[in-house]
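Below you'll find the structure, written out as structure tokens, and then a few comments.
The values are calculated or read from the model by the stated rules, or taken from the named source; none is laboratory data. Just so we're clear, the structure is a prediction, and the values are computed from it rather than from any experiment. Ideal geometry is used to build each Cβ from the backbone, glycine not excepted, and the neighbour counts take in all protein chains shown. All accessible areas refer to the heavy atoms of the entire protein, side chains included, with ligands and DNA or RNA removed. Shrake-Rupley method; radii C 1.70, N 1.55, O 1.52, S 1.80 Å.
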Amino acid sequence: MDLHHITAQQSPQTPDEVQTWEPGLAWLAGGTWLFSEPQPVLHTLLDMGNFNWPSLQAVEETGLEIAATCTIAQLHAFGGSTGVPASWQAFPLIQTCCESLQSSFKIWNEATVGGNLCLGLPAGALISLAVALEGTCVLWPRQDLPRSVSALEFVTGVQQTVLRPGELLRSIHLPASALRKQPAFRRFSQTQEGRSSALLIGTRCPVTAEILLTITAATVRPVQLRFATPPGARDLAASLEAAILPTAYFSDPHGTADHRRHLVHYFAPQIIEELA
Amino acid sequence: MVPGLSYSRPLSSAALSRNRPMQLTINGNPAEVAPRPGQCLRTLLREHGWYGVKKGCDAGDCGACTVWVDDNPVHSCLYPAFRAKDRHITTIEGLSPENGTLHPMQAQFLAAQGFQCGFCTAGTIMTAAAKGGAMRTPMERVLKGNLCRCTGYRAIRDAIEGRRHVQEDLPGASVGRSLGSPLGPALVTGQARFTADEPPLPGLLHLKVVRSPHAHAQVLAIRKEAALEVPGVHSIFTWEDVPQHRPFTSATHDDYHVDPDDTLMLDRVMRFVGQRVVLVAADSEQAAALACDKIEVDYEILPAVFDPEEAMRPDAPILHHGKDAASRISHPERNVLREIHGENGNVAAGFEEADVIVENTYATHRQPHVTLETHNSHSHLSPDGRLHVRTSSQTPFLTKVKLVYLFNLYPENLHVYTERVGGGFGGKQEVLTEDLCVLVTLKTGRPARWEFTREEEFTATTTRHPFRVKVKLGARRDGTLTAMSMRVVTNTGAYGNHGGEVLGHSLNEAFAVYRCPNKQADGYAVYTNCVPAGAFRGYGLTQTAYAVECAMDELASTLGMVPAALRRKNMIQPGDTLLSIWPHPGDLEIGSYGLAECLDLVEAALASGRGEPVPQSPEWCTGQGLALAMLDCGPPTEHRSEARIDLLANGSYQVAIGSAEFGSGSLTVQRQIAATVLGCPVESVKMVTADTDKTPYDTGTFASTGTLVGGGAVLAAAKVLKEQLLRLASRYTGQPIDSCQLSGAAVDCANHPLPLSELLARAEKEGHRLSAVRRAYAAPRSVAFNVHGFRVAVHRITGQVRILQSVHAADAGQVLNPMQCRGQVEGGVAQGIGWVLREDMQLTPEGRIANPTLRHFRIPAMADLPETEVYFAHTHDRIGPMGAKPMSESPVNPVAPALANAIANATGIRFTDLPLTAPRLYPTLAHRPTLPAQDIALS
Ligand SMILES: Cc1cc2nc3c(=O)[nH]c(=O)nc-3n(C[C@H](O)[C@H](O)[C@H](O)COP(=O)(O)OP(=O)(O)OC[C@H]3O[C@@H](n4cnc5c(N)ncnc54)[C@H](O)[C@@H]3O)c2cc1C
Ligand code: FES
Ligand code: FES
């Protein structure tokens, strides 16, 4: 929609052209969220379209580097490519996660991976991907030196992230060690191609057999549990209870907190069983 | 990783691109444009006249705005306009490179008629025709960003897969054939002009309103100074600028007395979140929106009530305090808009006689119409001083009457018209935008336009009434009904609108379809501080049919009977008098009877083993259910339509009729009726519709009247004209009239063809006008029948419901256009399924709608709907035109109870309150230790 409150738009060639920051500025990535609702507190859009960061860099030994500006369409297409290292067992998760978004392929043509993370929605399926595959986010603050945070730490609540004012998400690095793990995936949505009410991903390390269980969409922020050996049903339930307080379950028009909790407790054992 | 970032360079001024002109090509045409910062590509394209680019949501959810940027399909409402620099944009208008030819996908949409109102069509074609679009599978994933509210998607799927449904026309025998809509070619090429698709007139003012943030409040003060400072703002209006002594109702009916006069154009009392407070008129939408932000309103917040039962209690806040008899509110001091009590026979005695009594309370929820075209209208004065209003309405003539009343106008000075309207479903049987456009045009002399946002559609139009229905049924051991009673409480929201009529209608057919000597009901339509409810496909019957048909299944299960058998035992039979809770019959008659056949068809289909395979996991339980419904053909209130048919100089015809076309297909059928009588191809009949200057009066296209009343008028007029033509031809050729017949553009008189053009020329010379005008009424009225059946699987743990099979049988009398009729059935079924399984409009404790977007309020997408098997009964109605009965409104009615009955059969649990979403089902399912009885066969 037309953003009536926007009075200026700038197209810097590099991020460093933007030195000072003030409320009312916003980075414009794909714009698919920014243009989808009125933005009464913004006045200036800073276009990221000229940064020309290489979208995807895959190296068998180190892993996958995804630029924040990589579009979901590019990532999805890459997820279907055949030339990836055979050892990357978790690779199919890329397409599965893209397809877990409510948005259509037309939106993927513009929407970016970074935009999905920075928006910090519980149903951000690329957040699920980044967290499950133990990603690291590289952040470019306005005033300081670049820093990194784990994808698990990046989103702190519903539409809340660790980003400071003006700070950019530059890239997400998925380590090869995580890409080599065996994946298991469960998702529930009230509509067939709709928004996730719960999205759970498990991975199993081929070396240590450790299982990592990542819970998203059902909770206000991603939750990750680590099991050296497959837990029994009771231990698993207890771990879930301990890790996710009742208030940490998310409630919105796409699902209630109690149903989401129920789904998490239903899917988690299935994932453990599949990976055990 | 990030080598030597320097933060020292200031932002170069070259990076500023505010309103800098840029080049792009649109459909091959180079253009220089200067987008506003924050502008999206959608509005930029429309500003340059590419009106094939629609707005359904403006938020990326519906796909109506889909265009290609360098061959990549995008939602243009999300695409920053400045990014189109140096790009090649293709809109629907440019899809076919050569003039006059169609892109294959456009041709396919025509061949399958993959549309009804056609508002979604351009975007769907642009998606399906795109590279990487249709080529990808599955189709429902490709189209998940394209919503259609009319079709139920089967026709769209067929179009994309290249199936053909349109038949050849047979001149003089087109009735009964599947002919395409006369507007089809314009729809698939993006040339069809919907309401907003008009270039702005000079001096155009755009309207926006400040809406109430409170459910109940008194406006104390309004400060507009800051808003008036916003550049481009022309004027601001408040309650002080509109007559406070002229209340009206936004609902439209031929007889306005049936609805309450409880509304003011701008009021001092706010009765729901979303009510208009202040009106701003400005040179641009942007200026109007920014000005709205700057208006300060002081409110005294009043206690609010959202539940109708609570609203009837003595201590409840009163919404329409002190309104007198002129408002036609039954009991303003109790918040009761309308109260209806009726008893036929003796219900107490009937329950005494019963061996078995079942009683339960069912609740239905609010449903918004979600027409893809939002409400909008525009008005202007012509140099001769006449006022012209174009609107997205189902009732242009009634809208005119309403505006005449509100503004004290001479009727001849006002012209109201619609052209193509993007969906109605009852939601456009209201005056919601036109009044303020006219206010601004009259006060300022300037043209005015008001286009609702999608959010306003949810928060400030109308919805299906939420109902609470307590049903009690008594029967003998053999299943014979002895008594039926119900108590109905409806939530009409802050304003009455259709509330009284909806209540009245709801108390009729759900009971009248069963033979039972004792019937009784108490009904209350109650004001609350919710968004107003209004007319919606089914008009109250959908809700009571849900309750009664669920209760019938509960009765069957108590009696140990097969549900269909219980219905067969009690349902009305040909020749029966149709009686509900009133002892005296009305004007309803069984003009044709296909109910039993419909029931047989659905039962047979459910037993056929067709449909999706039953999930094998024990976590799924499966079941089946059905329900029936009867709908009166036309409203009980006055309804009339007049058609005028002229023979034109070239030997073709023009039909002028006031009914509006918004996807229900009445135009197509009316044309077929005329062509059949006049012995010509449909191509020879030009239709002029819904224009108070150009067509005779029509009450409006609602309550299933497009075919019945409009078609009836066309039929009558065509017969008269035919008679005239044959008589003259016989005289001119000297052949006996019996040997004369109309044949295309000539009259064939015993093999002496007399061209109609010649006949006309001669007749005119003699002073004859070859034109006929006839009027039709919706009385007496016949009844249409619908039966729906489902087989479902329910996941015992997650609560997910999967439809395995969906079957619908309809008694539409003689089916005048099978393809179109099937489409209407499928559309109604889709709305029914959406209502039950998905569409959950949530209210916050403050009375605000929590999900007023298509992102968070999900109407069914293609992936969410099964393909429904559709059957028609073989009947011929003795009342309807050419044996036909209407079939656009009724199919929705049996869907909800059939689905609820199937879920009850699968789970062994009766869920009484809609919607039946997974979060609402799973707790009860989870607490049910034993497996449900699966052995109740349905046939
Ligand atoms: C129909 C539809 C369905 C959707 N469904 C989903 C869904 O199921 N799940 C979901 O999570 N989202 C969904 N979205 C929201 C959104 O489109 C996506 O999350 C998308 O990935 C956002 O990417 P973008 O590049 O368009 O972001 P933008 O709209 O450009 O930006 C989004 C936000 O992130 C900020 N931002 C973007 N990139 C960066 C960066 N590199 N550094 C710092 N800040 C940045 C922006 O300033 C803005 O605040 C949907 C949107 C639409 C229109
Ligand atoms: S108008 Fe753009 S997707 Fe609905
Ligand atoms: S035809 Fe699709 S919305 Fe009307």
Candidate set from segment B:839-884 (those that are under 21 Å from B:Val370 (Cβ atoms) and more than 14 Å from chain A (Cβ to nearest Cβ)); member that is farthest from ligand 3 (Cβ to nearest atom): B:Gly847
Filter result (more than 14 Å from every other protein chain (Cβ to nearest Cβ), away from ligand 2 (no atom under 16 Å from the Cβ), under 22 Å from the mean Cα position of the chain (by Cα) and in a loop (DSSP other than H, G, I, E, B)) within segment B:102-159: B:Gln113, B:Gly114, B:Phe115, B:Gln116, B:Thr151, B:Gly152
Residue selected from segment A:185-203 under the condition away from every other protein chain (no Cβ under 14 Å) and crowded, with 24+ Cβ neighbours inside 10 Å, by the criterion farthest from A:Arg260 (Cα to Cα): A:Thr203
Selected residue (criterion: farthest from the other protein chains (Cβ to nearest Cβ)) from residues of segment B:26-50 that are open to solvent by 30 Å² or more (accessible area, probe 1.4 Å) and under 28 Å from B:Val142 (Cβ atoms): B:Gly28
Residue that is within 16 Å of ligand 1 (Cβ to nearest atom), in contact (Cβ under 8 Å) with a residue 12 or more places away in the chain and outside any helix (DSSP H, G or I), where the choices are B:Gly60, B:Gly49: B:Gly60
Test result for B:Gly274, in a loop (DSSP other than H, G, I, E, B), touching a strand residue (DSSP E or B) at 6+ places or on another chain (Cβ under 8 Å), open to solvent by less than 10 Å² (accessible area, probe 1.4 Å) and not hydrophobic (A, V, I, L, M, F, W, C): yes
Test: A:Trp53 is crowded, with 18+ Cβ neighbours inside 10 Å, closer than 17 Å to A:Cys118 by Cβ, more than 7 Å from chain B (Cβ to nearest Cβ) and modelled with pLDDT of 95 or more: no
Conditions (1) surrounded by 19 or more Cβ atoms within 10 Å (Cβ to Cβ); (2) away from chain B (no Cβ under 12 Å); (3) touching a His at 6+ places or on another chain (Cβ under 7 Å); number of the one not met by A:Leu236: (3)
Test: residue in segment B:649-660 that is within 16 Å of ligand 3 (Cβ to nearest atom) and more than 14 Å from chain A (Cβ to nearest Cβ): yes
Subset of segment A:137-167 [touching a helix residue (DSSP H, G or I) at 6+ places or on another chain (Cβ under 7 Å) and more than 10 Å from chain B (Cβ to nearest Cβ)]: A:Cys137, A:Ala151, A:Leu152, A:Phe154, A:Val155, A:Gln159, A:Thr161, A:Val162, A:Leu163
Only listed residue being among the polar types (S, T, N, Q), at pLDDT 95 or above and under 19 Å from A:Trp108 (Cβ atoms), chosen from A:Thr44, A:Thr32: A:Thr32
Qualifying residue in segment A:65-83 (condition: in contact with a Leu (Cβ under 9 Å, 6 or more places away or on another chain), within 24 Å of A:Leu275 (Cα to Cα) and surrounded by fewer than 23 Cβ atoms within 10 Å (Cβ to Cβ)): yes
Conditions (1) more than 15 Å from A:Ala198 (Cα to Cα); (2) open to solvent by 10 Å² or more (accessible area, probe 1.4 Å); (3) within 14 Å of chain B (Cβ to nearest Cβ); (4) more than 7 Å from ligand 1 (Cβ to nearest atom): number failed by A:Leu119: (4)
Residue, nearest to A:Val207 (Cα to Cα), within segment A:244-276, restricted to residues that are open to solvent by 50 Å² or more (accessible area, probe 1.4 Å) and small (Gly, Ala, Ser): A:Ala276
Residue satisfying all of: in segment A:88-116; in a loop (DSSP other than H, G, I, E, B) and within 14 Å of another protein chain (Cβ to nearest Cβ); farthest from ligand 2 (Cβ to nearest atom) among these: A:Ser100
All positions within segment A:2-42 that are at the interface with chain B (Cβ under 9 Å from one of its Cβ atoms), within 20 Å of B:Cys292 (Cα to Cα), open to solvent by 30 Å² or more (accessible area, probe 1.4 Å) and of a type outside the set (D, E, K, R): A:His4, A:His5, A:Thr7, A:Pro38, A:Pro40
Single residue of segment B:375-424 satisfying the filter (polar (S, T, N, Q) and in a helix (DSSP H, G or I)) that is nearest to ligand 3 (Cβ to nearest atom): B:Thr399
So B:Pro411, is it more than 14 Å from chain A (Cβ to nearest Cβ) and free of Cβ contacts under 8 Å to residues at least 12 places away in the same chain: yes
Qualifying residue in segment B:812-831 (condition: crowded, with 24+ Cβ neighbours inside 10 Å and part of a strand (DSSP E or B)): yes
Which listed residue, of B:Val836, B:Val801, B:Val825, B:Val829, is closer than 20 Å to B:Glu597 by Cβ, outside the structural domain of B:Tyr697 (by TED's automatic domain parsing), out of contact with any Ser or Thr (no Cβ under 7 Å at 6 or more places or on another chain) and of a type in the set (Val, Ile, Thr): B:Val825
Which listed residue, of B:Ala793, B:Ala776, B:Ala716, B:Ala784, is among the hydrophobic types (A, V, I, L, M, F, W, C), assigned to a strand (DSSP E or B) and open to solvent by 10 Å² or more (accessible area, probe 1.4 Å): B:Ala776
Of residues in segment B:51-97 being among the basic types (Lys, Arg) and away from ligand 2 (no atom under 13 Å from the Cβ), the one least open to solvent (accessible area, probe 1.4 Å): B:Arg83
So A:Arg147, is it modelled with pLDDT under 95, among the charged types (D, E, K, R) and touching a Pro at 6+ places or on another chain (Cβ under 8 Å): no
Residue match in segment B:408-419 (condition: at pLDDT below 95, surrounded by fewer than 24 Cβ atoms within 10 Å (Cβ to Cβ) and outside the structural domain of B:Thr699 (by TED's automatic domain parsing)): yes
Subset of segment A:122-144 [modelled with pLDDT under 95 and either within 16 Å of ligand 2 (Cβ to nearest atom) or open to solvent by 50 Å² or more (accessible area, probe 1.4 Å) (or both)]: A:Gln143, A:Asp144
Residue pairs meeting the criteria (Cβ under 8 Å; at least 6 apart or on separate chains; first open to solvent by 100 Å² or more (accessible area, probe 1.4 Å), in segment B:611-625; second not in a strand (DSSP E or B)): B:Glu612/B:Pro866
